[in-house]
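Beneath this line is the structure, given in C-alpha cells, with notes to follow.
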Amino acid sequence: MIIDDPTPLRVFIQYRNHQFETVPAFQVNNVIFRDENDPRNNSVRRYFWLLEHKVQMVFDPINWKNEWRIDLVDIKIESNNPYIYKVVDMALDIVVENMGPTYRILDLDDLGEKLESGEFTISQVTGILSRTQLFLDSFLHRGAPWPPPEIRPFFSIDHNYPNPDKI
C-alpha cells in the first residue's frame, strides 16, 4: 500500500533480522524504514525498504565502513492486515561504495543455484534481474541520484537519524 502523505505512518515489518517476527517500522509514501541496534558497530543502523523497487538497504552494515548493502527482496502485504509487510530475500545483492556510483553485484551464484534447484522459477529470476537493472539505471548509472531521493529525508551518513515522530 503506497501512501501519498509525508507524515510517517506506523507499520510493521517481518524480515530475517528478527526471524520473521513482526516488528514496528515507519512508512512514508513508498519507503519503509526501521532503526536497528548494531552491537558490532556499537550504534544504530537505519534499514530502508523501497516498495517500488523491492529492495532492502542499509548504510555501514555489520563492519562494512562507507558501504551500502542492498538486498533484492520480495515484499508482500499481509492479507489480513494492510499495515504488515513481509520481506523475503531474493538472493541477489548490490554493494555500493560510499555514495556511489561504484558498486558490485554479489551472490549471482546463489541466484543460479536457487533457479537450478527449483526454489526460484525462471519467471522469478527474470523479475529479479529486471528489477536489479532498473534499480542500477535509476540510482547508479550515468549520474543518477544516490542515495535514492525518497530516503534522503530519513537518512544520515553519520547515523544520527532524524526522529520519525518529529517529521
When Ala144 is evaluated against the numbered criteria (1) within 19 Å of Val28 (Cα to Cα); (2) in a loop (DSSP other than H, G, I, E, B); (3) hydrophobic (A, V, I, L, M, F, W, C), which criterion, by number, is the only one it fails?
(1)
Kindly indicate whether Val55 is at pLDDT 95 or above, among the aliphatic types (A, V, I, L, M) and closer than 22 Å to Val95 by Cα.
yes
Unmet requirement for His159, which otherwise passes all of (1) in a loop (DSSP other than H, G, I, E, B); (2) touching a Leu at 6+ places or on another chain (Cβ under 8 Å); (3) under 22 Å from Asp35 (Cβ atoms)
(2)
Taking segment 133-145 and keeping residues free of Cβ contacts under 8 Å to residues at least 60 places away in the same chain and either out of contact with any strand residue (DSSP E or B) (no Cβ under 9 Å at 6 or more places or on another chain) or open to solvent by 30 Å² or more (accessible area, probe 1.4 Å) (or both) leaves Gln133, Asp137, His141, Arg142, Gly143, Ala144, Pro145
Qualifying residue in segment 127-141 (condition: within 18 Å of Met57 (Cα to Cα) and either more than 18 Å from the chain's Cα centre (by Cα) or part of a loop (DSSP other than H, G, I, E, B) (or both)):
yes
Would you pick out the residues in segment 147-167 that are open to solvent by less than 30 Å² (accessible area, probe 1.4 Å), within 16 Å of the chain's Cα centre (by Cα) and not hydroxyl-bearing (Ser, Thr, Tyr)?
Pro147, Pro148, Ile151, Phe154
Those residues of segment 112-126 which are open to solvent by 30 Å² or more (accessible area, probe 1.4 Å) and not in a helix (DSSP H, G or I) amount to Gly118, Glu119, Thr121
Testing Ser130 on (1) without any contact (Cβ under 8 Å) to a residue 60 or more places away in the chain; (2) surrounded by 16 or more Cβ atoms within 10 Å (Cβ to Cβ), one condition comes back false. Which one is that?
(2)
Could you run through segment 75-96 and say how many residues are open to solvent by 70 Å² or more (accessible area, probe 1.4 Å) and more than 16 Å from the chain's Cα centre (by Cα)?
3
So which of Trp68, Trp64 ends up being farther than 18 Å from Asp137 by Cβ and hydrophobic (A, V, I, L, M, F, W, C)?
Trp64
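The values are calculated or read from the model by the stated rules, or taken from the named source; none is laboratory data. Given the structure is predicted, the values throughout are model-derived calculations rather than measurements. Glycine gets a Cβ as well: all are built from the backbone with ideal geometry, and neighbour counts include every protein chain shown. With ligands, DNA and RNA removed, areas are computed over all heavy atoms of the protein, side chains included. Shrake-Rupley method; radii C 1.70, N 1.55, O 1.52, S 1.80 Å.
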